[in-house]
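To start, the structure itself, in structure tokens.
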């Protein structure tokens, strides 16, 4: 009888331990951050370099109790990668998730005179741990490298999807009332961040084809950091609770170019020069062929570049468009002065 009683006690203890162990292990698994930890979406304003023109997005995790002060960003690439420029032209540029101390990250942007916007996310302890765990897993060497795509997979889309998917795994969904660039074309949207009339603006028009004139809808707009920042600012949970608890943000500014630095003036000057050459040729009744040959060479190179990008690269928006006729039209109109008899 005593043996049977002891057996029941042992069996009951094993049953209780068996029931509690999963709960204990789950609790241990979730204890990555303290209850006082904070997670921020960080949005940096544009810089001077071409690859900095559209800003940058990162995720910051701060936990004073556990000594965590890290920033994770998906914008790390290496110029020393073998065949970097060839891969870049083909659209096969590999970026990776980087991790660095928050103070170092902030100091680097402040030294570059670039504003840093921060948005503290309104998260439960479980949500914070889910996001932090996802960042840790993404930072594993086998996970951190990805094939960069300017429109569909970049330093802004990755943080957004990570936050969204981590919250959904915790049975939390977010929506946003921000309309922003809804319905705007990719071309017009991207040009908002390029000084109007700049040579970069002309380059976008020359290289982008009809695909760039498709309208964007919903999350398609979130590939540019400022748009993601504004989207998150107006985001909320299903019960109406704002996703952003506290924020310090300012809109991006785009510089205005003086008229003499615009491509409009440059092409107008080209027309005037060609017209003067044509008048001179007509006066002496002899054509300056080397001028035409130079321009023919420019057209040929541009067509080869667009053809290559269209058929042999994975860049999503390039292609043949009407803007490719701008320079040939100027050339033809100016040379008609000589050709017209």
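Can you spot a residue in region 163-182 that is surrounded by 18 or more Cβ atoms within 10 Å (Cβ to Cβ), within 18 Å of the chain's Cα centre (by Cα) and touching a residue at least 60 places away in the same chain (Cβ under 8 Å)?
yes
Provide a single number: the residues in region 278-295 that are in a helix (DSSP H, G or I), in contact with a helix residue (DSSP H, G or I) (Cβ under 9 Å, 6 or more places away or on another chain) and free of Cβ contacts under 8 Å to residues at least 60 places away in the same chain.
Our first condition is that a residue be in a helix (DSSP H, G or I); within region 278-295, this holds for 278-284, 289-295.
Within this subset, residues satisfying the condition of being in contact with a helix residue (DSSP H, G or I) (Cβ under 9 Å, 6 or more places away or on another chain) are 278-282, 291-292, 295.
Narrowing the set further to residues that are free of Cβ contacts under 8 Å to residues at least 60 places away in the same chain leaves 279-282, 291-292, 295.
Residues that pass the stated criteria total 7.
Test residue 132 against the criterion of being at pLDDT 95 or above, part of a helix (DSSP H, G or I) and touching a helix residue (DSSP H, G or I) at 6+ places or on another chain (Cβ under 7 Å), and give yes or no.
Details: at pLDDT 95 or above: yes; part of a helix (DSSP H, G or I): yes; touching a helix residue (DSSP H, G or I) at 6+ places or on another chain (Cβ under 7 Å): no.
Criteria not met by residue 132.
Would you be able to tell me the number of residues in region 77-110 that are closer than 30 Å to residue 247 by Cα and modelled with pLDDT of 90 or more? Full working, then the answer.
Going through region 77-110, the residues closer than 30 Å to residue 247 by Cα turn out to be 77, 95-110.
The next check asks that each one be modelled with pLDDT of 90 or more; those that pass are 95-109.
Selection size over region 77-110: 15.
Sort out which residues of region 66-87 are assigned to a loop (DSSP other than H, G, I, E, B) and more than 17 Å from residue 38 (Cβ to Cβ), and write them in order of number. Show your work before the answer.
To start, the set of residues in region 66-87 that are assigned to a loop (DSSP other than H, G, I, E, B) comprises 66-67, 77-83.
Across region 66-87, the qualifying residues are 77, 78, 79, 80, 81, 82, 83.
The conditions are (1) within 29 Å of residue 312 (Cβ to Cβ); (2) modelled with pLDDT of 95 or more; (3) surrounded by fewer than 16 Cβ atoms within 10 Å (Cβ to Cβ), and residue 74 fails exactly one of them. Which is it?
(3)
So residue 265 passes all but one of these: (1) within 28 Å of residue 317 (Cα to Cα); (2) surrounded by 12 or more Cβ atoms within 10 Å (Cβ to Cβ); (3) within 27 Å of the chain's Cα centre (by Cα). Which condition number does it fail?
Tallying (1) within 28 Å of residue 317 (Cα to Cα); (2) surrounded by 12 or more Cβ atoms within 10 Å (Cβ to Cβ); (3) within 27 Å of the chain's Cα centre (by Cα), residue 265 fails exactly one: (3).
If I go through region 309-329 residue by residue, how many of them are assigned to a helix (DSSP H, G or I) and surrounded by 14 or more Cβ atoms within 10 Å (Cβ to Cβ)?
Step one: of region 309-329, the residues assigned to a helix (DSSP H, G or I) are 309-312, 322-329.
Adding the requirement that they be surrounded by 14 or more Cβ atoms within 10 Å (Cβ to Cβ) leaves 309-310, 323-324, 326-328.
Residues flagged as assigned to a helix (DSSP H, G or I) and surrounded by 14 or more Cβ atoms within 10 Å (Cβ to Cβ) within region 309-329 amount to 7.
Would you pick out the residues in region 190-245 that are assigned to a loop (DSSP other than H, G, I, E, B), without any contact (Cβ under 8 Å) to a residue 60 or more places away in the chain and within 30 Å of residue 171 (Cβ to Cβ)? Please lay out each step first, then the result.
Filtering region 190-245 down to residues assigned to a loop (DSSP other than H, G, I, E, B) leaves 192-198, 209, 214, 216-217, 224, 234, 238-241, 243.
Filter again for without any contact (Cβ under 8 Å) to a residue 60 or more places away in the chain, leaving 214, 216-217, 234, 239-240.
Passing the criteria: 216, 217, 234, 239, 240.
The values are calculated or read from the model by the stated rules, or taken from the named source; none is laboratory data. Since the structure is predicted, the reported quantities are computational estimates derived from the model, not experimental observations. Quick reminder, even Gly has a Cβ in these numbers, built from the backbone with ideal geometry, and neighbours come from all protein chains shown.
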